[in-house]
1. Here is a check on your reading of the model: is Val372 surrounded by 17 or more Cβ atoms within 10 Å (Cβ to Cβ), in contact with a His (Cβ under 9 Å, 6 or more places away or on another chain) and closer than 15 Å to Thr75 by Cα?
2. Inspect all residues belonging to the range 186-197 and state whether any of them is more than 30 Å from Thr150 (Cα to Cα) and in contact with a Leu (Cβ under 9 Å, 6 or more places away or on another chain).
3. Working only within the range 395-412, note down all residues that are farther than 25 Å from Gln87 by Cα and assigned to a strand (DSSP E or B).
4. Mind checking which residues of the range 78-109 are under 17 Å from Thr273 (Cβ atoms), of a type in the set (A, V, I, L, M, F, W, C) and modelled with pLDDT of 90 or more?
5. Being within 33 Å of the chain's Cα centre (by Cα) and either closer than 14 Å to Leu101 by Cβ or surrounded by fewer than 18 Cβ atoms within 10 Å (Cβ to Cβ) (or both) is the filter here; which residues of the range 230-243 pass it?
6. Give the range 292-333 a look and list any residue that's in contact (Cβ under 8 Å) with a residue 40 or more places away in the chain and under 17 Å from His387 (Cβ atoms), or say none.
7. What is the number of the single condition among (1) over 26 Å from Gln246 (Cβ atoms); (2) part of a strand (DSSP E or B) that Val350 does not meet?
Amino acid sequence: MTPTDETQNRSASHPAGPGTTNRPDGSSRAVKAVLAGAGLLAILALGVVPRVWLSRSLKRQEAQEAAAAPNVFVTPAESSAASVVVQLSGTMSPITEAPILARTDGYLAKRLVDIGDRVHAGQLLAVITAPDLDQQVLQAKAVLEESKSTLQQAQAALDQAKANAGLASVTAERWAALVKRGAVSRQANDNYQFAYSAQLASVGIAAASVAAAGNSVGSNTANLDRFRELQGFEQVRAPFDGVITQRNVDDGALVTATSTLLFRIAKNDVLRTFIDVPQINAPSIRVGDSADLTFIQFPSHAFHGEVTRTADSLDLNTRTLLTEVDIDNKDQALLPGMYATVAFRVPRTVTSVLIPSESLIFRADGTTVAVVTDQHIIQFRKVALGHDYGAALEVVSGLRAGESVVVNPSDTVIDGVRVNPVLVKQAAGSLSPAPANAAAHANSSARPSPTPNTITEP
């Protein structure tokens, strides 16, 4: 008996009641589930398996391409800070410095100071013997006395002329009265009248002689004063408080006025330095701005200075702004002539990024850098450079922050070539070649990662 016949007989011997329905049994449902699962597996096998196989093939192909691509070391371009510290070099000099030259000819009789001596304003530094000048002073005195005597003689002559003029005036008046009465002739009267006029002229001449003698006395007095002033320069005195930084003569040396340098004096309680600020930073420098000065003699200490004046104009040859920075030196810790590094913090005027100096490539068509794209393809970019910070360069155009820049590009870095980028991190302020095992690990990787590998420099 077949299963179908057995099923029919079971149905006939147990007729369905009025409240019952025909349901498939458990074995029928199980068969259907198995058949549905088998169909689903068949569909998955036909649709998914080829895709998985194709994906694995692409991965193997990418791994082979990555193994064949050369390794290049890259670093991301960093955004510049909102402000920048500008470091410039300068040489310290005294706030006031003056050469002391001889103002009279003679011989150095006595030198009272030497280099390093601190002196005060008006202090005697040296004594010069000038016999020629001393004789000129005596001669000027004699000439002055002679001119004074001449003045006295002229004054006496003037007094005499005035007396003669008075007598002539009285005589002329009397003869004028007599001629009116007809007692004397007109000719006689005219003689006395003209004699009075001559006496008046004599008074004028005498007065002029007195004026000339007075002027001569004034001239000779000024001449004597001049020689006395020169004689005063026989004593060489300090013009201000300071220190003697140079001494060129010894006792007995022959000195010549305006040409013999005796000493050099400097005032060191305040030092200053002149620096040339580049054009890109010049608009940010203002009088009153602070500046930090460092010296190799004091590596762990920064001295604070202040911008006291600027030229307010750029030098046409260097395109820089001459700036003076003063620093307090009351403790005499610093010396004139020291080399200083002057640091200013100024706001950045141009948006820029920073790259290592080893990234720069000089080509015939201009300055470029090699950039690795997200697809690991080399791309050359022309860039415009800003400030050179030594280990880093400022790029003001042609590059964006975050882009991967090739460091120390070799001959394998060609525009459009696929490469395997290896990220190099800066340590101790410089970039050094990546370890050899890092390059080997990059070559043996099965597939290039979406981001460059990271290597921390020792």
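1. Numbers: surrounded by 17 or more Cβ atoms within 10 Å (Cβ to Cβ): yes; in contact with a His (Cβ under 9 Å, 6 or more places away or on another chain): no; closer than 15 Å to Thr75 by Cα: yes.
In short, no.
2. yes
3. Those that are farther than 25 Å from Gln87 by Cα and assigned to a strand (DSSP E or B): Ser404, Val405, Val406.
4. Leu88, Met92, Ile95
5. Pro239, Phe240, Asp241
6. Thr318, Arg319, Thr320, Leu321, Thr323
7. With respect to (1) over 26 Å from Gln246 (Cβ atoms); (2) part of a strand (DSSP E or B), Val350 is out only on (2).
Here's the yes/no breakdown for (1) closer than 20 Å to Gln87 by Cβ; (2) modelled with pLDDT under 95; (3) not aliphatic (A, V, I, L, M):
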site	(1), (2), (3)
Val307	yes, no, no
Val325	yes, no, no
Leu335	no, yes, no
Thr349	yes, yes, yes
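The values are calculated or read from the model by the stated rules, or taken from the named source; none is laboratory data. Just so it is clear, the model here is predicted, and its values are computed rather than measured. All Cβ positions, even for glycine, are placed from backbone atoms using ideal geometry, and neighbour counts span all protein chains on display.
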